[in-house]
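These notes are about the structure you will find just below.
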């Protein structure tokens, strides 16, 4: 259980790094949009993979949802 949560946190960190990489590439050379699009595509792919991991983890009981206020 802890391993899955750790993997999800690491992947979310990579999502943020990819987002800031795209921002840096956009600021550094605005005319080179191919690298920016590639970096944003990686971010979207990682985000979808994280959502899939969360769904599968909660479906099979590796991640338990907690209700607020209980």
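Consider the candidate values [x] 58, 26, 12; [y] 64, 35, 13; [z] 50, 24, 17; state which one is Cα extents along the principal axes in Å computed from the structure displayed.
Answer label, from the structure shown: [z].
Arrange 3, 40, 51 by Cβ neighbour counts within 10 Å, fewest through most, would you?
Values: 3 8, 40 17, 51 11.
The fewest-first ordering by Cβ neighbours comes to 3, 51, 40.
Testing the spin-label approximation: label points 7 Å from Cα along Cα→Cβ at residue 1 and residue 20. State their distance in nm.
3.2 nm
Taking neighbour Cβ counts within 10 Å as the exposure measure, how do 14, 55 sort from fewest upward?
Ranked by crowding around the Cβ, least crowded first: 55, 14.
In degrees between 0 and 90, to the nearest 10, how far off the longest principal axis of the chain does helix 2-28 point, with axes built from Cα atoms?
Between helix and principal axis, roughly 20 degrees.
Rounded to the nearest 500 deg cm²/dmol, what is the calculated helix-only ellipticity per residue at 222 nm for the chain, with -39500 (n - 2.57) per DSSP H run of length n ≥ 4?
Numbers: 2 runs with 54 residues, N = 70.
After summing the helix terms and dividing by the residues of the chain, the value is -27500 deg cm²/dmol.
Rule-based calculations on the coordinates, nothing more; no lab input. Computed from a prediction, not measured in an experiment: that's the story for all the values here. We place every Cβ from the backbone using ideal geometry, glycine too, and count neighbours over all the protein chains shown.
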